[in-house]
Every structure is written in structure tokens, then in C-alpha cells.
There are 4 protein chains.
Amino acid sequence: LNVGVIGCGYWGPNLVRSMVETNRCDQIFCCDRSKTALAKVVRRFPCVCPVERMDDMIDRCDAVVVATPVMTHYEIAKTILLRGKAVLVEKPLAISCTQARELMELADANNATLMVGHTFVYSPPVRKVKEYIRTGIVGDIYFVSSSRVNLGIHQKDINVLWDLAPHDLSILLYWLGDNPCRVSAIGRACVGALPDVANIHYYFPSGILANLEISWLAPSKLRRTVVVGSRSMLIYDDTNVTEKVKLYDKGVDLKTPESFGEYQLSYRTGEIVAPNLDGTEPLLLEANHFLDCVETGAQPETDGQMGLDVVLALEAASHSMRSGGRFVEIDYSSAPVPELMLEERRIA
Amino acid sequence: LNVGVIGCGYWGPNLVRSMVETNRCDQIFCCDRSKTALAKVVRRFPCVCPVERMDDMIDRCDAVVVATPVMTHYEIAKTILLRGKAVLVEKPLAISCTQARELMELADANNATLMVGHTFVYSPPVRKVKEYIRTGIVGDIYFVSSSRVNLGIHQKDINVLWDLAPHDLSILLYWLGDNPCRVSAIGRACVGALPDVANIHYYFPSGILANLEISWLAPSKLRRTVVVGSRSMLIYDDTNVTEKVKLYDKGVDLKTPESFGEYQLSYRTGEIVAPNLDGTEPLLLEANHFLDCVETGAQPETDGQMGLDVVLALEAASHSMRSGGRFVEIDYSSAPVPELMLEERRIA
Amino acid sequence: LNVGVIGCGYWGPNLVRSMVETNRCDQIFCCDRSKTALAKVVRRFPCVCPVERMDDMIDRCDAVVVATPVMTHYEIAKTILLRGKAVLVEKPLAISCTQARELMELADANNATLMVGHTFVYSPPVRKVKEYIRTGIVGDIYFVSSSRVNLGIHQKDINVLWDLAPHDLSILLYWLGDNPCRVSAIGRACVGALPDVANIHYYFPSGILANLEISWLAPSKLRRTVVVGSRSMLIYDDTNVTEKVKLYDKGVDLKTPESFGEYQLSYRTGEIVAPNLDGTEPLLLEANHFLDCVETGAQPETDGQMGLDVVLALEAASHSMRSGGRFVEIDYSSAPVPELMLEERRIA
Amino acid sequence: LNVGVIGCGYWGPNLVRSMVETNRCDQIFCCDRSKTALAKVVRRFPCVCPVERMDDMIDRCDAVVVATPVMTHYEIAKTILLRGKAVLVEKPLAISCTQARELMELADANNATLMVGHTFVYSPPVRKVKEYIRTGIVGDIYFVSSSRVNLGIHQKDINVLWDLAPHDLSILLYWLGDNPCRVSAIGRACVGALPDVANIHYYFPSGILANLEISWLAPSKLRRTVVVGSRSMLIYDDTNVTEKVKLYDKGVDLKTPESFGEYQLSYRTGEIVAPNLDGTEPLLLEANHFLDCVETGAQPETDGQMGLDVVLALEAASHSMRSGGRFVEIDYSSAPVPELMLEERRIA
């Protein structure tokens, strides 16, 4: 396989590294307008072949990874798909659902693989939680509450919502196997011109609430998601080195009243289990999954549809935040769900 | 001083204990309809005199503490104020702002002390944070984010909002010296009929956002409030035994661009300080403050006005939650601010 | 049952409270030379009958609890046992093994119950660890390492070894079902005249090492014991509110070399489990166990033999510490083990 | 500067990386008997020149880094020093003080720089603690207690003492500016033939006690050192990402008795400060310091003398551990301290 990586700024070199570590690529190309950026990558990975013009590279590749600024995702991915080549686009897939939908259609029309780099979906703790949900250990999910905050780098082209929420959204969609139908979001531009803190409430058709707290301004780093279900509760804390997932055998049960009278609640507190998790780097798992899909033609787990669903949810949250927090319904009508969905995304 | 405590259920005995521990009461009465409850209190505090009928007691007291269910606060406090006696009402002051406002007016008319049991305002960590804010160490506050969650006792007469949010609201009002002007709240009744999880966004006239996450359903207890300001950030974590308050010399500064061009950000990370805090129990500090006010006629820090302000904010949040999260403006027009406010509440 | 508590200083009132909470005593007496101390107890527990002279009380009691300074344990317990009354002596049982042995013999001769207040043996986390060890989950124990440090109160009559090590020793003896045969201890008197920090190494006949770090001088409180076995490892952390015991499915296995060559090690890392633990206060469990033994004549789990074994281990550690850390063999020859030992203490 | 790195096994490649990152080397050579190891290094660092025979390389270098197994340090360092080239030897410097002393003498005789890779001495948290000690904030040090435990890799050629204790010893010697005079150590070979857990007590002439707990067998990783002084206490926890050093304004003061009577203690608890620390990787700081010394001829902070002092302390601990824990005096008589010591090492 010949693989190209377009964009060698902040994140691109990590994708180059992952491709190198798969040991499955015959040739890896990297492409960037900046000669300095290219030289830096080649110094670190001498086996990689630098290319300045994207067009020269695409034809020599079986698959291309796009790690350029969000604004350019659509144009670049379109160019690649039109040539029938597989593409892995960094998250979010595009800056509008119109763009995202067009990319999906192009992938279909050209019979080319379209995958979105929602890396967390491939991370062992996130998959373990999915397993707990799928096997019924968690029961019916009541709500999800997530904090992704840190004194992080203020982006200049996208606000905190488009920067951080794609992570949580891809995790939510993967876990719940469903899309939110309604959103309200508030935010504030504390420093600079773009919102750097935001709170987002997503409603799912099943009644599940999801609350996302995201921020580039926080005294201490949080990467913590709580899932509360009818049978157990769990915490996924990505900053915890040894106990990223903790399952709590805890809950409240409503007893049907024996006589005509008040309901009774019984509280349950059982053991806490931190499962052992595979230590493989999620980015390497993602890279291998992409190469698998390129080779076999299989649909990626984080396919164009998931990429689109995330963009739809982001777009609606943006509208809500701009209007000061009013509710926005998320319209999937013009996003016909393809006949065959991935089994994984159907379950929960 | 003769002091009576009405209501000897879950919380009342703690107030009896605090009054005993002040060592300032000549006689302490306790009153409850349940003889069992009375007997239990007397067994624990043999110096306390049990009374079954409230009316008998009030006349023999200089001050009365009301620790009955919320629904009854108004009627009982009214009775006490009409007799010109000082009253300390448990939080929230009442179940409507109409009731709360009437109690305030009664207190004025009868020249009687009205205090609300917003205990956290008297707790050393909360006061230390106020000091940091007042002295300018925190700078302009951007936002406050708070989590008060636990597998807690599901109340049967009030929902999680009226049960837990009074704590955070009293703290916010005390710290910010201001009232929120707008609120949106969402919640869900996961177990039982009343909402047991909620997320509330308060907007302050100054632009400050406050996000409150409250829940009776959570795998692990959180009592954590983050304040992010322009000069520093802090965490108040009430579950931390030795470092309840941590001040982070951290922030982002916006540099005015020298030339016509992009703004530049500079990140600052300095030392973290956990101040030493007085270990006195907040409830004892509250009890002493109440007795001080009774003796001197001073206005309590958590006076009727604060009690009313909290009820106004709760009521508005309730309206928003019932309507599925739409924005509700908080109307203070019929709540004329008294000419003399406490110096403390004016500063920030 | 009529129960007396002698000594109403720092710890005695807690024992009075426990006895009250058992709800099994007809009459509880308390005895102290200080009228102030007595008055304080009676104010808190009005049902308790104060007595100034010990002798008056003993005859009216079925059982007596001794919570006086360590130096006086022997004389007081002797007086009680000679009258054939059951006695619960605070830890350590006595200040020498000669005294402890004599008390054991007196108990036997007078057919009276002798129990020592090694409370931790009754605490749910300590018992859960015992269960893990007994059922073989931990495998063969390699070593135990414990830290019991805090900026604690400097005692004036006993050093840190006699103050804190009895806790760890009783836990060790209970868990291992065995007594150490050898000890080396070092310490230093940093502030004041008595050693306030110490490190003790105990050797058990089975090869198990136990390292105890104890200190009245430490920046942050530690109550942490690690047990490393051939099949799993565990941490007992008494400062952790929700996860006092954590069992780690972790270890190293030595593979027998297939050919003539080097041994191979395989590392195993599995899940971590924090079991749910009964929340009952250990002191109440201890009080009930004492009353059970008084009523049924059963041998207490923390009987005179365990009390003696702890004193023997303390005495040997004292000798070692005084000599600057040289090894001291612990001689059990003159401590004939009684024919019938508790089943519990035989197992491990 | 031309720099060579001998030994490209587990640790060597990290030293190659550091040398690359200094951007100060004209040419970097790497040398290993294994062609596979060499190829791996070159793949990662294509600018590095691989060499199979050490002798060919040394003459082309100004300075050589030795990262081979401990047993070979002496022979290799000797070869380098005899050719008058600067050498940085990984810790521990040698396996006996005779070897270490000879290397020191060779360095002197050949006027060549000899530095030992005690990396922790260059790490920002360790240097911050040194600053606290030097400036008197800690006061007189009473004791140091350290835990360096983990389910770590069982070495095959050295036991846990020679593997892990060099870290703590170099830190201790740097902080205290003094060498221990006496040691007792115990250990156990739980898995395999070599001791994999050990406890070491070092005594310093000033009365300071240091307790080192080291282990390759532990359920959770600890890298925690506590320093207790007369004026304050501190914790250096290298596993803590954001608060590696915490200074506690805590202590006990002994008041001189006013009258003929008992001493009085007063306890002090003040604020806790976590200083901001430079985030530079210690290994890069070490590499730059080595190159500085090579260029200027300055004496390294972790010079041959410190390397020797660490080996002396290890050797004595080994003797004690082999004898089951008896005390061993550490003899410095044949280790004449050079006339000029580093200012830094004299202070404390």
C-alpha cells in the first residue's frame, strides 16, 4: 500500500508516525506547502517521501490521510475521492452538513472508502464502555455527563465547540447507537474573539440527556465522562493512568408499592471494578482499521455517515450557541440513512 | 437567650446540637409533632426541653429555628415573625417568591431578625474564595462551573433542584455579590416522579456564566466548584479533606497586537496554593452568627433578601425546567432592594 | 448486662458511646478520678451513671472496659479479673509481656473473659482482606508494607512505637495467623524526648517480611497497607472513603525453563476490584463482640493471647530500637500457646 | 562536538535522542555489538552514524556516553579515559568502589571529564527541593522517607537494590550534601533468584535518617519521597503530573517550659504550595550539562566523586542485605575527598 499524508502541521506528524508503525505501507508520502514542515517530518522519519504538490502525490497513493485545517477538508477530500482513492479525513469531517453530505455521496459514487478520524472510537476504554452498554450491564441509560476541559491551546480558526465537541459526540454516537434530536448550547468568548468555554445539552429520542462541558480555560485537566444507567453507573476518566474505566454496581430501584400508597426506593451499592485494558495507542488502532478497510473494501466504523452525524450535531449546537442558547431541533430528513448501517451502530 | 428548634426530623437535631455547642443559650426547646422524634433528641441532649405544641414554645423563646419540611416554612416563620421573635429558617426560605417576599416584609414590620440557613456562606473555604475574589486575586470572573452530585437520598416533596441548588445559589450570590438575570435548566426524572438530575445555566448581568450540575444519581460524590477569572483560577472541592481550596496562578493573556494583525495569546502557569483553613464546623459558625444578630440587632449575612434572591432564582429555574429548558428572565422588579444592603453583598 | 468504663479521657468516651449504641446494657457506669471528665461524659450521655471510685463500680458490673493510660492497664485489669469479672482492655494490653502473661493466667484462673481492644481486627476492610487471604486469592504472601503516619498528637508517656504499632501488629497477626520471630527497628526522637518516627521490620517464620513505617510527623496522613502475594496484590487504604480495599489481579510468574537455561518471567495485569464493605463502625462491632463473649463465655477474637503476642512483638521492637536497630529474636518459649486456639487464628 | 553512545539496548536510544535534541553535536555515533540494535537506532535517527567496533569510534569522538550493562561500565569507561576522552557513564558508575575509585583517578590523571548519569539530580522537581533545603525553608531535616515501587521489569544481572537505589541515593546525596555513615538493609527474592524487594535505612552523621523502600513488585506505582524538617515538610511525587513538589507549612514546635515542668508542644498547619516547575526533560538537561562540562572543562555536578559515593553506599547496603540486615559502617577513609568540591555539594 502507498499512503499519503496531507498536512504536516500540529497533528499530521502523528498520523505519519502511526502509518510508519503499522509496518504495512510500501511507501509513505507527506505533503505540505511549508518546506520547513516537510523537512522536519523527514528528519524524524527518513523513510517518508516529501511532496510539495498534492496533485502529484494523490495518483501515486492508494489511500490519503487529510490533516489540514478544517476549512480545507472538503476541497481536499473531494479532490481525492473524485480520483477514486480512499481517504481518512481528520475530525470534524467538514464545516457544514452540506459539505459532509456531498463527500459521502462522492465516496459512494466513486466506490471509494471515506473514513473520519474519530480516534476515540478506537480507544480501548471507549470500546470497553460500549461492551458494558451492549451487554446490558449498564441497563437503560439515564444520562451522560462529560467534562473535557484544560488550559488548552486557543485555536484561531474554530471555536471550542468545533475543536473539542467532536470527540465527545463521536463517543456518544458510538455508545448510544443513536443521534441526538435536539440541542441547546451556551458559550462565552472569555479571551479573544471565539467562544472558549461552552456547555451543551443534547437530547436523544430515547430520552437520554447528555451534558458536555468543554473549555480551553480550566485550572486542571478533566477528561471525564459519567454514564448513569438503570443497572449500574460508570466513569471513563482518560487522565487516570491505571483505572480509565470504573464500573460501579450502584443504583436506585423503584419498588412497586404493595398497597395504594407511596413508592419505595431501595439503594444498592456494590463493588467497583476497573477492567484491564489493552494498552495499544488508539491512533495505531485507527490507522490499522483504515488500512484494513482500504484493503478489504469494508465500511469503516467511523464512516462518512458518522462524520456527517457529528457535523449535524455540531452545526445545530453552533446555531443554538449563536442564539444565546435556544433549543435547536436537529434535522436528519435530508440525510437519508443508508440502507446498510454497521451492525455496531445499530445495537445499543 | 432562650432558643427553640421546630422540626426534629433529619436536619433539626443538627441545629439543636449547634445551639448546644454555642454554650450561649439559657434554655433550648425542641418541638415536633412526633413524640418519638422528641424523645430521641432529648436522649441525646438531656438539657433540651421538649415541647409538643409550637405555640406554647414561641412565647418563651427569644429566637426560633425552623427545620421543618419546605412546604411549611412560610406558615411557621410567619407565626414567629408576627410575634416579633427572631427566626432562622432552613433553606430554601419558602416555595415561592411571593411567600419569601411576605416574610421579608413581616420581618421589617415587626422589627424581627430573619435569617436563612444558607450554611455554606459561613464555611471557611467558601469565605476564603470570597476573599480571593474581593481582593482582586481572581480578577474578572469569566465563569463558574459546579458539580454537586452523589447517589443521594431522593426527596419526596421537592425535586433535586430545590434540594441541592440552594447551596450553590447562595454560594454564587455571596461570591459574586450579584443576582442572575436569566436561566435555562433541564432535568430528568430518572427514578420516581420528580426530576433527580438537572443542569442549570445562570447568566449574570456582568456576563458571568454559571453552570450547575446537580444530581441524586452519580457513581461518585462530587462537591466541586471551579471559578475561572482573568487573573487566576481556583477549585473549591468540599470532598477534599486537606485542600478544599486550591488557587491556580494560571491564565491566558491577550496581547494587543503591535501592528495591524492577529492578536497574540500568552499562557501563564504558576504555583498552586492550598490555603490553611479554619476547621470550625460551618453550622456552629452559622448558629453563632444568628445569636449575634439576635443580640445586637445586626442584619444577618444570609438575610431575608438573600433568601428571597435564592427563591427567585430557583423559581425561574423551575419554570425553565418545566418548559423543557427554554430561557427564563428573572424578574426582580417587584423585589425592591432595601436601601441598606450589607456591605459584604455590595463589594465584588 | 451492667457495664463499666474506667477512664474518661481522650478515648474512653468513645467506648461509652459504643456501649450506649449497642442498646444491650441495662446500666452503664463510667469512672474517672477527674470530676470534670465525668461531668462531660454525663452531659453527653445522660443515661450513664458516674462513679468516682473504681472499687464501688466493679462489683455492680458484669463487665468492665479499661481505657486508662497504658501504664495502669495491668493493675486495673488485675483487680477486675481477680473479682471474676469480664474485662476489655484498651491496646496495648500491658507494658511488658510479664504483665500481659499474668493477666492471661488470671483470666484463666478466674474463668473470666479477657479481651483486648484491637479494634481494627473488627473493621470490615481488615476482615475483607483476611477473607481474600484465607480463600487463597492472594496466594502465598511475599511481603506486607504499611505506612501509618500523620502530624499526630505526640503522646507523653509512650513513644510512637507503642502508640501506633499495636494497630498494625494486630492486623498482621490476624491476617497471617502467625507471629513474627525476629525484628529490627530504628527510630528517632525528632521533637521532644521520645521517638516520634520509627521503621520496623518484622520477619515471620514463613519468610514473610513486614515493614511498618510509623510517625507522628508527616505532611499528609497515610493509613496504607500493601500486601503482595504470589497470585494477587492488594492495598488497604483506610483514608479512602469509597475504596478502602483494592484487589489487583497482578503478578509475575516464574516459568520453569524448558531447556537448560535462564528462567523466564511472565507479567500479568488484570482487573482491579474494590469490594463493597459493610459501613458499620468497627468500635460498635467490637463492643458487640465483647458483650457476646461475656454472655456466651466464648473466647474473644482479640483475646489475651493476641494481646500478649502484640506486647511481645512491641517489646522486642523496643529493644531493637534502643540498641540502634540490631536484630532481636522474639522468644515465645515462656508463652505456651493454650491448647485451644481460635479457629480464625489457625487458618491462614 | 563529536559524541559517541556505546550500548543501544533499552536505555541507550534515549541518550542518543537527547544528544540529537541538544542540537550541539556535529556528529553522533552509536555503537553496539548487535546489528539489529544499531539498525533500529539508525531508522529512528537517520543522522546518527552506526559503528560496530568501539575502538574505531572513540578516537573520532570528543566525548562518549556509556549505556552498556553495569558489569561492563568499568572496562569501557577505563578504555575511554585512558585515551583522554570525556565520558558520561550510566548509573551506577561501577559494581565496586575499587572500580569506581580507579575510574576517578584515571579521569584526574588523564585530565578527562568523568560524569555519571544520575539524571534525577538534573530534574526540575529535585532541584526545587534542593532550593527549599538550601534556603532554609525546610529547616533542619529530621528524616527522609522514600518509596520507589512498581510492578517493574525484573533485571537479570543486578538486584533491585542496584537497579533502583542509585536514583534515591543520588537525590539524597544532592539534597543533603552529605554521605551516609551507616546502613542496614533487608530484602527478599520473592520471584526468581535475586532480591526484588528491599528496605534500606541510611544514617547520616548529622542524625538524619533515610528510609528507602524499593520494589519490583507492587500493585501501584509509587515515586514518592517525603522530607520532614524542623520548619516545614515536603512531598516530592514524581507520578503527579501537575504537583510534583508540595511544600507543607506544617510542624511541631517544642516550647521551652516556663516553669520547672513538662515541655509543651505547639502544632502548626499552614498553607500548601505546589511550585511551578520547568517542564524540560531531565535527560536533555543532563545531556546539555555534560556537553557544557566537555566544552569548558568544568566539573560535572554528578561527577566521579558522587558516582563513587553512590557505589560505596550501595556496596554497604548489599553487604547488610546479604547478612540479613545487620548494620554496616560505610568507610570513606580510602576515598580522600578532593580538595575542591563543588560548591553545590558543600552547602546544606
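Here, each number is a calculation from the coordinates, and none is a lab measurement. Note that this is a predicted model, so its numbers are computed, not measured. Here the Cβ is made from the backbone with ideal geometry for all residues, glycine too, and neighbour counts use every protein chain on show.
Extending 7 Å from Cα along the Cβ direction at D:Asp140 and again at C:Ser266 yields two label points whose distance is 5.6 nm.
With its label point put 7 Å out from Cα toward Cβ, B:Lys255 sits 5.4, 5.8, 6.7 nm from the same residue's point in the other copies, in order from shortest. In this Cβ point-charge picture (+1 for Lys and Arg, -1 for Asp and Glu), chain A has a dipole of about 940 debye about its Cα centre. Principal-axis analysis of the Cα atoms of chain A puts helix A:35-44 at an angle of about 80° to the longest axis. Per-peptide packing, taken as the mean over residues of other Cβ atoms within 10 Å, places C:66-74, A:220-228 in the sequence A:220-228, C:66-74 from highest down. If you take the charge dipole of chain A about its Cα centre, with +1 on Lys and Arg Cβ and -1 on Asp and Glu Cβ, which of A:Val16, A:Ala287, A:Ala189 is farthest toward its positive end? The residue sitting farthest along the positive end of the dipole is A:Ala189.
What sits nearest the axis between copies D and B, counting only chain D Cβ atoms, is the residue and whole-Å distance D:Val273, 3.
In this assembly of identical copies, the label point of D:Ala39 (Cα plus 7 Å along Cα-to-Cβ) is separated from its counterparts by 3.1, 8.8, 9.0 nm, sorted shortest first. Counting, for every residue in B:241-253, the Cβ atoms of other protein chains within 10 Å of its Cβ and taking the mean gives 4. Each other residue within a Cβ distance under 11 Å of A:Val5 adds +1 if Lys or Arg and -1 if Asp or Glu, for a net charge of -1. The string of couplings for the stretch B:190-195 from the Karplus curve (6.51, -1.76, 1.60, θ = phi - 60°) is 6, 10, x, 9, 9, x Hz, one whole number per residue in order, with x for Gly and Pro.
Going by Cα centres, the stretch D:124-141 and the stretch C:224-238 are how many Å apart? About 33 Å separates the Cα centre of the stretch D:124-141 from the one of the stretch C:224-238. Once you reduce the stretch B:142-156 and the stretch B:24-84 to the center of their Cα atoms, the two points are 30 Å from each other.
Give me the net charge of B:Asn150's neighbourhood, meaning all other residues with Cβ under 9 Å from the Cβ of B:Asn150; Lys, Arg count +1, Asp, Glu -1.
+3
Across the options B:Cys31, B:Val42, B:Tyr74, the greatest Cα extent toward the positive end of the charge dipole of the stretch B:1-97 (unit charges at beta carbon of Lys, Arg, Asp, Glu) belongs to B:Val42. Straight Cα distances below 22 angstrom link C:Lys244 to the lysines A:Lys244, A:Lys246, A:Lys250, B:Lys221, B:Lys244, C:Lys128, C:Lys130, C:Lys221, D:Lys221, with same-chain residues fewer than 8 positions distant left out. On C-alpha positions alone, give me the angle between the axis of helix A:282-296 and the longest principal axis of chain A, in degrees, nearest 10. Taking Cα atoms only, the helix is inclined about 60 degrees. Rounded to whole Hz and in sequence order, give me ³J(HN,Hα) for the stretch B:170-179 from the Karplus expression 6.51 cos²θ - 1.76 cosθ + 1.60, θ = phi - 60°, writing x for Gly and Pro. In residue order, the calculated couplings are 5, 5, 4, 4, 5, 5, 8, x, 8, 10 Hz.
Counting only alpha carbon atoms, the long axis of helix A:12-22 and the longest principal axis of chain A meet at about 90°. The relative contact order of the stretch B:110-267 comes to 26 percent, based on Cα pairs under 8 Å that sit 6 or more residues apart.
A cut-off under 15 angstrom between Cβ atoms defines the neighbours of B:Arg268, and their net charge, with Lys, Arg +1 and Asp, Glu -1, is -1. The lysines within cross-link reach of D:Lys78, meaning a Cα-to-Cα straight distance under 26 Å and a gap of 8 or more places when in the same chain, are D:Lys35, D:Lys91, D:Lys156. Based on Cα contacts under 8 Å between residues 6+ apart, the stretch C:1-82 shows a relative contact order of 38 percent.
Here is how the number arises for the protein assembly as shown: DSSP H runs of 4 or more residues each give -39500 (n - 2.57), the sum is divided by the residue count, and the result at 222 nm is -10000 deg cm²/dmol. Note on the protein assembly as shown: with charges restricted to the Cβ of Lys and Arg (+1) and Asp and Glu (-1), its dipole about the Cα centre is near 0 debye.
Relative to the Cα centre, the charge distribution of the stretch A:173-233, modelled as +1 at Lys and Arg Cβ and -1 at Asp and Glu Cβ, gives a dipole magnitude of about 160 debye.
Taking square-rooted eigenvalues a ≥ b ≥ c of the alpha carbon gyration tensor, is the stretch B:1-82 rounded, prolate or oblate, where a/c under 1.5 means rounded and, failing that, a/b exceeding b/c means prolate? Oblate, since a/c reaches 1.5 and b/c is not below a/b.
The overall shape of chain C is prolate: from the C-alpha gyration tensor, with semi-axes ordered a ≥ b ≥ c, the ratio a/c is 1.5 or greater and a/b exceeds b/c.
Look at A:Thr119, A:Thr22 and count the other Cβ atoms within 10 Å of each Cβ; fewest to most, that gives A:Thr22, A:Thr119.
Take D:Arg322, move 7 Å from Cα toward the beta carbon, and the resulting point lies 3.4, 7.9, 8.5 nm from the same point in each other copy, nearest first.
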